[in-house]
Amino acid sequence: MDTIAITVNGERHELAVDADTPLLYVLADTIGLKGPRFGCGLAQCGACSVLLNGQEVRSCVYPVGSAAGAEVVTAEGISAGGAPHPLQEELIAAQAPQCGYCYGGMVVKAAELLEANPSPSRDEIIAHMDGHICRCGTYPRLLAAIERAAERMRGDA
Amino acid sequence: MGELSSPTELSRRGLLKAGGVMLVGFSLAGPLAQKVAAQFGPPPGPDRDKIDSWIMVHADNTATILIGFVELGQGATTSLPQVAAEELDLDMDQVKTVAHETEVTPFQGGTYSSSAIANGRPQVQRAAAHARAALLRRAAAHLGVAVEALVVEHGVVSVRGEPGRSVTYGELVGDRPFEVTMDGEAIPKDPSQYRIVGQRKARRDLADKVMGRFEYVQHKRLPGMLHARIIRPRGQGAFGAPPSLLSADAAPLADIPDAQVFRQGDFLAVLAESEWHAVKAARLIESEWDIPASLPASRDLYGAMRDRVASTNVVLEEGEAGEALHRTSFTAETPYQAHATMAPNCAVADVKDGKARVWASSQDIYALRGTLAGVLGLEQTDATVQFTEGSGTYGHSLYDDVAIGAALLSQNFGRPVRLQYSRENEHGWDTFGPAHIGEVAIACDAAGKLSDYEYAGWQHSWAFVETNDQLANGTPARGWPMGPSRSVNPAVCGGMYALPRRKLVDHVLNAEDWPRGAWLRSPLDLSFAFISEQAIDDLAAQVGMDPVAFRRLNIADHRWQGVLDAAAEAAGWNGPQVSSSDGRLRGRGVGLGTHLRGWGGAVAEVEVDPESGTVRVAHLWGALDAGCAVNPDIVEAQITGQLVQTVSRMIYEEVHFTPQGVTTLDWNSYPVARFSDCPEITPVVVQRIDEPSSGAGEEVMAAAAAAIANAFHAATGKRMATIPFTPERVKAVMAA
C-alpha cells in the first residue's frame, strides 16, 4: 500500500492505494465518481477518459502512481462550481446521448479539444474524437453539439 | 491467501433436476414468458387491474407513474410519462416515475422487440384513463355537479365556465390509494385532443448522464461488498459443449491477501475487497480447461451450416404464382454479430437469510427473477430484482448471465457481491445474433408485377440457458423453439409487396451445435433484407425500371408506400446517380424492411474505392412509420442510432472463431463504426398520430442494410453476397 496525493476536480485527496492501481478504480471506488466509466480496461474505447494536467488519458490503464501530484478532471469537473460546461449544455439541448455510457469520456475529450482549439473544423473534431466509441451511434448529434459549443465559447452565438 | 472453496451446491443441483421442482428453475424470458403469463396469469407482483398498481396521486398535485418497462437509452422513461400526463391532463413536470422493480412496478412484459411504447402505451393509457375517470367522479361529488360539467387542466378540476369552483387531484386523493379496479369503461382521449403526445419533450435522464452524475449498475456499491471477476476460457465454443475446468491453482494469488476463489462445477470466480485486487487475481490465477473443438472454423461456417440441417419447416405458403417472364435468384450469407455493449455487463447481488435482492440491467426482470429463484433454490417471492440501467444492450446480452453469477457468489459468501465482466468476457461469451444463409427466388411479369416469391433460410434458434447456469449447475444446453425473430420473417421477406404466391422455408440448425444465439437488434432482419431486396433490385433492372418505381408498382399497402415515398423524397431520389471521380465509384440504392411491426424505408449513398476495397456510406436517409410517434425527437434519435449501427454491421462487424472458440475479443478484433465512419444521417418520422404505436427501436435497420447493398451495386455493378464489406471481400468481388 502506498500513499498517493492527487487533485481531482479541484479537491486534494491523499489515498492509501497500491501505486499500480489504474486511476479509474481509484476515481470510481475510492472517491466515488461516476463520470469516468469502465468500458474495456484496454484503453480502446474512451469511456473512462479523464483529463490529467489538461491532457486526456485512459484512466482504465493509467496507474495512479504515475498521477501523483497531478490535477485530474472528470466529466463532473470540467466546469467550475458544478454549473454545466457550455459543451454539456449543448449536449443536453441536442438530446445527444442515448444510453449515455460513453459520454463521461466524450465530454472530457471534446472539452480538451475546445480548450486547445476554439475554432475546430468538422474534420478536426472527427479526428480528435475518433478514438472514442459510441455504440448507440449518437455521433451526428454529438458532432453538432460540439460545433455549437465551440461557436458559443467563441462568442459567435 | 486465496483458498479454493469446495463445491457446496451439489445437493441443490440434484434437487433442481429432480422433476417437479424443475419449473421453478426454468428460465423464462421474452415472448415465451408472455406466453406462459397468458396461460397461467402474470408473475407475482402488483395487480395489474388496480389503478394503484400504476398511478399514485400526491397531495402536492403531482403523480407517480409505475412503469414496467426498462430504460435502455431508448427514452421509455420519458415517452411513457408523456402518455400518462396526456391522459391525466397533467403537465410533464407533474409526473414522476420510480425505479422498475419486480415487487413494485407492474408486469408489462419484457422490454424487447420495440415493445415499451407499442405495448406500454395502451397499458399506461388504460390505467391513466381509469384514474382520470375516478378523479372526475370524486370531483363531481365534491363540487356538486355532473361529471360532464367538469374540465381539467394541470390536474385542477373545475366547473366549465366557473374556474373559481375547482378542486385539485391532490386534494381529492392526496397520497391515499384509489382502491379502484379497472372496469374497462374509461376511454382514452381522442388523438385530436393531444397536447403532449406527439410533442418533442426532453429526456429526463440526459442531464445526469452528460454531467457525470448518473448511477449505472456498474456504479452500484453496497456496504461490505466483494468485487468479483469470472474465469473462463477466452471465447466460447458451441453452446452445447461448454468447457470443463480441470484444475485451478490459487497459489499465484498469495500476494493478494484479500483474494478468494470460488468454484462450483465449472464456474470459477475470484473475489477481493477492492476491484483492482479482483482484476489482478483474475489475471494471476492459473486454470486448466478441457475445451472441446466444437465449432467449424469461421471460414468454413457456411458450408458446415448447409451440412447440418436438423429439420426443414415451411413457415408460410400461400397463393398461386402468376405469369413469370423475368426471374432472378440470389444466395447470400451473413455472419454472427455481437451486441458489443459499451459497458461490459455487471450486477450486484445480496443473498442472505433465504432472500435475494439483485440489481441488474436485465431487459426482463420478471423472467430473471424466476431464473434466479431456480438457481438459488428460493421461491420467486423471496427474490427481488431491481432494474438498474447499464449501457445500451441492443438485445439479450449477458445481463442475466452476470446476475446469476453475482447471486451464486453472494449466496456462497453471505455478503453482497458485485460481479463485473471484462471486455473479453463480454465479447467472447456474448449471445450473438446468429449467422444466416438465405436463398431467394423471385419472378415478375412483363409489366414488372411480382408474380412469385420464395425465400429459404438456414439459421439456428437462441440459447435458452445462461452460461453461468450451465457451468455452475451442469444445466443442459437447450435451444428456444423456432418462432418470430428466429424464423424467416414474413414481414421482411416479401411482406412489403403484393405477391400472388409466397413460400418461406426455415432450414433449422440445432442451437446447441453453434455459438450462443439471442436476439440482436432487429434479429436476422438485416440479413433477410440484404438478400431479398438485392433480388428485387435485380428484377427491376431486368424490367428496365427505376428501383423506387418498381417498388411503388408492387407495394403492399399505403404504410409501405408512405415510408418509401418519405425516404425517396428526403433523399431527392432521382435514380441511382452513378458517378466516379478520384478513382472512387459512387451510387445510390433504396431498400424496404422492418422488424415484426412497423414500416421502414431507406436510401443510401455509397462510395467505393476499388483500389483499396474500402466502402464508405456517405449519406443514409431512413424513414420510419412507427404509428403514433409519442415523442418524435426520441424516434429521430432511434432512427439515427439504427442507421449508424447498420453501417457498422454492414461494413465492419463479424465474429470470428476457431474450432475451440471465439477469437474476436475486443474493439480491435471486433471493430465497430466510429466517428469517421459515420455518414450524413437524415432521419424521417412518418407521424401517424391516430394509429397505435408500433415501436421504433429496430424497424429501419433492415431497410438501411438493403439500401447500402443496392447502392454498392449501383456504384460498382457488383453484388455483395456476404457482410461485412471488408476490403478483401470488396477487392475480390471487383476482380471477379
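Bear in mind these aren't lab numbers, they're just calculated from the coordinates by the rules spelled out. Quick caveat: nothing in here was measured; it's all calculated off a predicted structure. Note that each Cβ is placed from the backbone with ideal geometry, even for glycine, and that neighbours are counted across all protein chains shown.
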Cα Rg, Dmax (largest Cα-Cα span) when computed across the stretch A:77-157, Å = 11.6, 32
For the stretch B:63-139, just the Cα set please: Rg and Dmax, both in angstrom.
-> 12.2, 40
Per residue of B:199-211, what is the mean number of Cβ atoms on other protein chains within 10 angstrom of that residue's Cβ?
-> 6
Viscosity 0.692 mPa s, temperature 37 °C: Stokes-Einstein D of the stretch B:283-329 from its Kirkwood Cα radius, in µm² per second?
-> 197 µm²/s
Distant alpha-carbon pairs in the stretch B:527-637 (separation over 24 angstrom), percent = 29 percent
Paired Rg and Dmax values of the stretch B:245-341, which use every Cα atom, in angstrom = 25.2, 79
Once the mean 1/r over all distinct Cα pairs of the stretch B:192-278 is inverted, what Kirkwood radius in angstroms do you read off?
-> 17.6 Å
Charged-residue dipole, Cβ positions (Lys, Arg, Asp, Glu), chain A about Cα centre, Debye nearest 20 = 460 debye
Run through all the Cα pairs of the stretch B:112-188 and give the fraction in each 10 Å bin from 0, expressed as whole percent.
-> 18, 43, 27, 10, 2
List the lysines whose Cα lies under 23 Å from the Cα of residue B:718, skipping any in the same chain that are fewer than 8 positions away.
-> B:731
Within 10 Å of each Cβ in A:35-47, the average number of Cβ atoms from other chains = 6
Relative contact order, percent, of the stretch B:255-398 when contacts are C-alpha pairs under 8 Å separated by at least 6 residues?
-> 15 percent
Sorting B:347, B:105, B:668 by the position of each Cα along the dipole of chain B (Lys, Arg +1; Asp, Glu -1; all at Cβ), the one nearest the positive end of that ordering is B:347
Which order do B:210, B:279 fall in if you start with the one that has the fewest other Cβ atoms within 10 Å?
-> B:279, B:210
Taking the Cα centre of the stretch A:86-154 as origin, sum charge times position over the Cβ atoms of Lys and Arg (+1) and Asp and Glu (-1), and report the length of that vector in debye to the nearest 20.
-> 200 debye
Please identify every one of the GluC sites (Glu not before Pro) in the stretch B:518-625 that sits in a loop by DSSP and has no more than 14 other beta carbons within 10 Å of its own beta carbon.
-> B:611
So how do B:116-122, B:328-334 stack up, highest first, on mean other-Cβ count within 10 Å?
-> B:116-122, B:328-334
Relative contact order of chain B (C-alpha contacts under 8 Å, at least 6 apart) in percent is 15 percent
Per-residue ellipticity at 222 nm for the protein assembly as shown, helices alone: DSSP H runs ≥ 4 residues times -39500 (n - 2.57), over residue total, nearest 500 deg cm²/dmol?
-> -9000 deg cm²/dmol
Would you kindly give the portion of the calculated P(r) for the protein assembly as shown that falls above 53 Å, as a percent of all Cα pairs?
-> 14 percent
Past the 26 Å Cα-Cα mark, which pairs from B:209/B:280; B:96/B:220; B:220/B:280; B:96/B:201; A:109/B:96?
-> B:209/B:280; A:109/B:96
Could you line up B:314, B:309 from fewest to most neighbouring Cβ atoms inside 10 Å?
-> B:314, B:309
Select from B:289, B:334, B:706 the residue farthest towards the positive end of the dipole of chain B; place +1 on Cβ of Lys and Arg, -1 on Cβ of Asp and Glu, and compute about the Cα centre.
-> B:289
Starting at the first residue of the stretch B:619-628, write each ³J(HN,Hα) from the Karplus equation 6.51 cos²θ - 1.76 cosθ + 1.60 with θ = phi - 60°, in whole Hz, x for Gly and Pro.
-> 8, 10, 10, x, 10, 10, 9, 10, x, 6
Distant alpha-carbon pairs in the stretch B:476-585 (separation over 21 angstrom), percent | 52 percent
Can you run the Rg to Rh ratio on chain B? Use alpha carbon positions and the Kirkwood inverse-distance Rh.
-> 0.99
Within-11-Å neighbourhood charge of residue B:219 [Cβ basis; K, R +1; D, E -1] | +3
For the stretch B:522-735, projected area of the alpha-carbon convex hull averaged over all directions, nm² = 12.6 nm²
Ranked highest first by the average count of other Cβ atoms within 10 Å around their residues, in what order do B:691-701, A:44-54 fall?
-> B:691-701, A:44-54
Over the stretch A:2-78, calculate the relative contact order: mean separation of alpha carbon pairs under 8 Å at least 6 apart, over the residue count, as a percent.
-> 39 percent
Report, by chain and number, residues whose modeled amide H sits under 5 Å from the one on residue B:316, excluding near sequence neighbours (fewer than 5 apart, same chain).
-> B:504
Hey, what does the equivalent ellipsoid look like for the stretch A:1-128, semi-axes from the Cα gyration tensor as sqrt of 5 times each eigenvalue, largest first, whole Å?
-> 25, 15, 14
Provide the three semi-axes, in whole Å and in decreasing order, of the ellipsoid equivalent to the stretch B:51-210 as defined by the square roots of 5 times the Cα gyration tensor eigenvalues.
-> 27, 16, 15
Exercise: per-residue mean of other protein chain Cβ atoms within 10 Å, B:306-315 | 0
